[in-house]
Amino acid sequence: MRRSKRISWFLLLAIPLFILASCGSSKTESTPGSDPVEEHLSTRLDLTADGEGTFTIKNESSDEVVLEMSSGQQIEFQLLNKANTVIYTYSANKLFIQEMQEKKLQPSEEWKFPLNLKEELVGVPSGSYTLVVWSTAEGLNEQKEKIAYELLTSPGKLVVQTQEVTFTGLVDSHSIEVKNLDGGTEVMQLSEVAMPQFEKLEEGTQLIIEYVEENGQKIVQTTYPAE
C-alpha cells in the first residue's frame, strides 16, 4: 500500500507541473502593429537642366502618415565618384537641432526638398558622379534614390581628370611618386580623402588616378585599380 500511495502522490504532483509546463511553452499571437512607414510612402529625385535637384516624399496611402526624425536633419545626400567613393556628404559641415521632429502627411500629400546643389557643391571639382539622396525619417533611411549627376564646368572651377599610372612609392604623407604610361616619373599631391588609400599600397601597383590640377600641380582625389 505504501508503494501505491507514493505513486499516487507522484502523479498528483506531476499533473500540475505538466499543466504549468504546457502553459509556458504555448505561443501567444502578437498583436498586429502599424504597417511599416515605407509601405505608404514613395520617394522621388528630380534634376533640372541647370543642375539643381528636388527630393520628394509622397503619401501614397488613404490615411495620414507621421514621419519621425531624430534631429532637425530631414534629408541626407552624398556624391560618389566613378570608384563609388563618397566625396561629398551634405551633413558633414552642418549642425542640426538634436531633438525629435515629426511631419504629418495627408493622403496624396507631397513633401518637397530643394537640394540647392549649385550652392552645396561649389567646392567639388567638375565631373561625372552619382548623386544619392534619402530621407532621415524612421523607416525611410534605407530607401535611397540614385541618379547620374554631371557637375558642369564653370569659370574657375576645377575639373576632375583621370590618368593611368604605376605607384612607385610615398614621397611623404601628402605626396606620392608615380610612373606614367610614357615611362616618365612625376610627383602628385594627395587630398585629405586620398591619403588613406596609399597607407598600405604596394609599390608597383597599377592605378587609375582621378585628380584635379591647380597651379600646375596634380592633386589626387581618389584612385581605383587599373583594369
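Read-outs throughout are calculated quantities, based only on the coordinates presented, and are distinct from any laboratory measurement. Owing to the predicted nature of the structure, the values given are computational and were not obtained by experimental measurement. Quick reminder, even Gly has a Cβ in these numbers, built from the backbone with ideal geometry, and neighbours come from all protein chains shown.
Once the mean of 1/r is taken over each pair of separate Cα atoms and inverted, the stretch 37-151 shows a Kirkwood hydrodynamic radius of 14.9 Å.
Sequentially through the stretch 44-52, phi angles give Karplus couplings (6.51, -1.76, 1.60; θ = phi - 60°) of 8, 10, 10, 10, 9, 4, 8, x, 8 Hz, Gly and Pro residues having no value and appearing as x.
When you count the other C-beta atoms within 10 angstrom of each residue and take the mean per peptide, 164-176, 193-205 line up highest first as 164-176, 193-205. Over all pairs of different C-alpha atoms, the stretch 161-225 has a mean inverse distance whose reciprocal, the Kirkwood radius, equals 11.5 Å. The simple Förster model, with R0 at 22 Å and r as the Cβ-Cβ distance, assigns residue 224 and residue 180 a FRET efficiency of 0.85.
Per-residue 3J(HN,Hα) values for the stretch 103-109, derived from phi via the Karplus relation 6.51 cos²θ - 1.76 cosθ + 1.60 with θ = phi - 60°, read 9, 9, 10, 7, x, 6, 6 Hz in sequence order (x marks Gly and Pro).
If R0 is taken as 30 Å, the Cβ-Cβ distance between residue 106 and residue 161 corresponds to a FRET efficiency of 0.05. Summary of the geometry: the stretch 126-193 and the stretch 82-100, compared by the centres of their Cα atoms, lie 17 Å apart.
Sequentially through the stretch 174-181, phi angles give Karplus couplings (6.51, -1.76, 1.60; θ = phi - 60°) of 10, 8, 10, 10, 9, 10, 7, 5 Hz, Gly and Pro residues having no value and appearing as x. With a Förster radius of 30 Å, plug the Cβ-Cβ distance of residue 83 and residue 39 into 1/(1 + (r/R0)^6) and report the FRET value to the nearest 0.05. E between residue 83 and residue 39, to the nearest 0.05, is 0.30. With the cut-off at under 18 Å, measuring from each backbone N in the stretch 69-96 to a point 7 Å along the Cα-to-Cβ line of residue 144 picks out 74-93.
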